[in-house]
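Please treat every number below as a calculation from the coordinates, not as lab data. A quick note: this is a predicted structure, and the numbers were derived from the prediction, not measured. No Cβ is skipped: glycine too gets one built from the backbone with ideal geometry, and neighbour counts run over all protein chains shown.
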Amino acid sequence: MADIITLNPYTNEILDKYQTFSDTKVKNVIKAAEKTYSTWKLESVSDRAQLLDQVANTLYQNIERYSLLITNEMGKPISESRAEIEKCIFLCDFYKKNAEDLLADDIIKTDATESFISYDPLGTILAIMPWNYPFWQALRFAIPTLTAGNTALLKHASNVSGCALALQELFDNSGYPEACFQTLLVTHEQIETIIESDSIKAVSLTGSEKAGKKIAAIAGKHLKKTVLELGGNNACIILNDADLDQYLDIMVKARMQNTGQSCIAAKRFIVQDTIYDEFLERFVDKIKELKSGDPSKKDTSIGVLAREDLADILEKQIKTSVSSGAKVVFGNYKNSTYYQPTVLTNVTPGMPVFDEETFGPVAAIIKVKTKNDAYQMASKSRFGLGTMLFTEATDDAVKRISTIEDGAFFINEMVKSDPRLPFGGTKSSGYGRELSREGILEFVNKKTVYINK
């Protein structure tokens, strides 16, 4: 009997069945990764980066197959699945062009004849990844990590096991050495044993706050480094001078992209009073225009949640908030994995839709009087992934950067990840950075080299 059964969340049809790896098979996978690392680390950065052209080409050649696989496994609208693969191609291009410079020895003048920092790989790195961006999340870890000379093991969310195996196929078909990147189909119970292995040098996790704390505790017990990208409760501040004509569509996308299943989505809309009524009316009108339906259809903009239990959790968060005084102004209809885009007003701190991460298409609207009130309300969160602000007074916004404790502050744009910029959070949103120079240097030994001649 299969241990893992993947379902299409839109049709509830069985997609595939998989057997989890035995403990013996897991040990063999780890051993193979360690063996490959012994030679892979000796390849030049240039040679490793050259393979990224082949990865990008394989992604491009299989874009329709990969996109449909994402949509079938987790319900993302097909247009967004395709955009996810295109973004992965951009990721490959960035590190292909920049890896040599990012990993070049950093020359430091000292009393030595020559002294510098050498950026050496660590070994085999374990990645524990979520289902909401099944290719992008895994590849933004794997591409810099492999290019730095490490080998990688992926433990993906079980409901996207097809994507997980397709990712291993991607690297195998792009010229990487055998066992350079491997997928593990394992249980949660097996993860602790994997982290304990001497061959595993570090762990990267993207997931919930609860999962992050558990993995950090296990890794810490064994003195293993971790990078954690956890939940978010991002604020979207709309000040009185915000240009709704120019930016309203971005605000809607910031909440409803990926059917609201994004850690960096705008979840709390903090709106200054003078513009509040206009914003609410126009925002709700835009939400009403979103087309729900079969995520495999190109004109669908709202798909389904990845699992029915996730819709149940969202329903409970909304119900509890409404019982505490929040008002539903649009939506709030659930049918199995489908959750209608929902807008709530009268939201205050203490309600689940204000305090917690809501992983679905629900927007919490909060009215404030002053600009200072807006910044203070945005900061009332234990999370710290990102804040977005819409205003014409950008010079004033820049002066307030230090008042935002989050890992990102986007002005007149939605918070999003970009290969050229570091990505990560603070507080309960985790620590460490992915992407850019900071990301490729997370899993390297920053070795001091001192030479006298």
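Against the globular-protein guess of 2.2 N^0.38 Å, express the Cα radius of gyration of region 234-418 as a ratio, rounded to two decimals.
Output field value: 0.97.
Taking K and R as +1 and D and E as -1, what net charge do the other residues with C-beta under 9 Å from the C-beta of Ile218 add up to?
Every neighbour counted, the sum reads +1.
So, counting K/R as plus one and D/E as minus one, what does the shell of residues with Cβ under 10 Å around Asn346 add up to?
Residues close to Asn346 contribute a combined charge of +2.
Against the longest principal axis of the chain, how steep is helix 273-289, in degrees 0 to 90 to the nearest 10, with axes from Cα atoms?
Roughly 70 degrees, rounded to the nearest 10.
Which Cα, out of Phe330, Phe390, Ala265, lies furthest along the positive dipole direction of region 234-418 (beta carbon charges, K/R +1, D/E -1)?
Phe330
So what are the radius of gyration and Dmax for the Cα set of region 211-282, in Å?
Cα only, region 211-282: 17.9, 55 Å (Rg, Dmax).
Among DSSP beta bridges whose residues both lie in the chain, state the antiparallel percentage, nearest 5.
40
Out of every Cα-Cα pair in region 332-431, what percent are more than 19 Å apart?
So the pairs more than 19 Å apart make up 51 percent of the total in region 332-431.
Return the label of the correct value of percent of Cα pairs over 35 Å apart, as calculated from the structure shown, out of (i) 32; (ii) 36; (iii) 26.
Working out percent of Cα pairs over 35 Å apart from the coordinates points to (i).
Suppose R0 equals 56 Å. What FRET efficiency, 1/(1 + (r/R0)^6) with r the Cβ-Cβ distance, do Lys109 and Asp396 give to the nearest 0.05? Present the calculation step by step, with values, prior to reporting the outcome.
Working: r = 41 Å, r/R0 = 0.73.
For R0 = 56 Å, the calculated efficiency reads 0.85.
For the chain, what is the calculated [θ] at 222 nm in deg cm²/dmol (nearest 500), taking -39500 (n - 2.57) for each run of four or more DSSP H residues and dividing by its residue count?
That comes out to -13000 deg cm²/dmol.
Return the subset of Lys253/Lys416; Lys316/Lys427; Lys288/Lys316 for which the Cα-Cα distance in this structure is over 18 Å, preserving the input order.
Numbers: Lys253/Lys416 11 Å; Lys316/Lys427 25 Å; Lys288/Lys316 23 Å.
Over 18 Å apart, Cα to Cα: Lys316/Lys427; Lys288/Lys316.
Taking the 0 to 90 degree range and rounding to the nearest ten, how far is the long axis of helix 45-61 tilted relative to the main principal axis of the chain, both from C-alpha atoms?
Approximately 50 degrees, to the nearest 10.
What full-extension length gain, to one decimal in nm, is calculated for Gln61 and Lys297 as 0.36 nm per residue of separation minus the Cα-Cα distance?
Working it through step by step, the gained length comes to 82.9 nm.
When the gyration tensor of region 91-224 is built from Cα positions, what are the square roots of 5 times its three eigenvalues, in whole Å, from largest to smallest?
Numbers: eigenvalues 162, 79, 34 Å².
Taking √(5λ) for each Cα gyration eigenvalue gives 28, 20, 13 Å.
Only Cα pairs under 8 Å and at least 6 apart count here; give the relative contact order of region 161-302 as a rounded whole percent.
The value is 16 percent.
Of the cross-linked pairs Lys41/Lys447; Lys87/Lys210; Lys76/Lys334, which ones have a Cα-Cα span greater than 19 Å in the structure shown?
Lys87/Lys210
Evaluate 2.2 N^0.38 Å with N set to the residue count of region 271-323, then give the Cα radius of gyration divided by it.
1.51
If you place +1 on the Cβ of every Lys and Arg and -1 on the Cβ of every Asp and Glu, how big does the dipole about the Cα centre of the chain come out, in debye to the nearest 20?
820
With a/c under 1.5 counting as rounded, go ahead and sort region 1-126 into rounded, prolate or oblate using the C-alpha gyration tensor (a ≥ b ≥ c being the square roots of the eigenvalues; past the cut-off, prolate if a/b is larger than b/c, else oblate).
Values: a/c = 3.27, a/b = 1.68, b/c = 1.95.
It comes out oblate by the Cα gyration axes.
Project the alpha carbons of region 158-217 onto their principal axes and report the range along each, largest first, in whole Å.
36, 28, 17
Have a look at Thr348, Phe359, Thr274 and report the one farthest towards the positive end of the charge dipole of the chain, computed about the Cα centre with Cβ charges (Lys/Arg +1, Asp/Glu -1).
Farthest towards the positive pole: Thr348.
By how many degrees, between 0 and 90 and to the nearest 10, does the Cα long axis of helix 209-221 differ from the longest principal axis of the chain?
30
Where a Cα-Cα gap under 16 Å defines reach, which aspartates and glutamates qualify for Lys225, not counting those fewer than 8 residues away within the same chain?
Partners within reach: Asp120, Glu192, Glu196, Asp198, Glu434, Glu438, Glu442.
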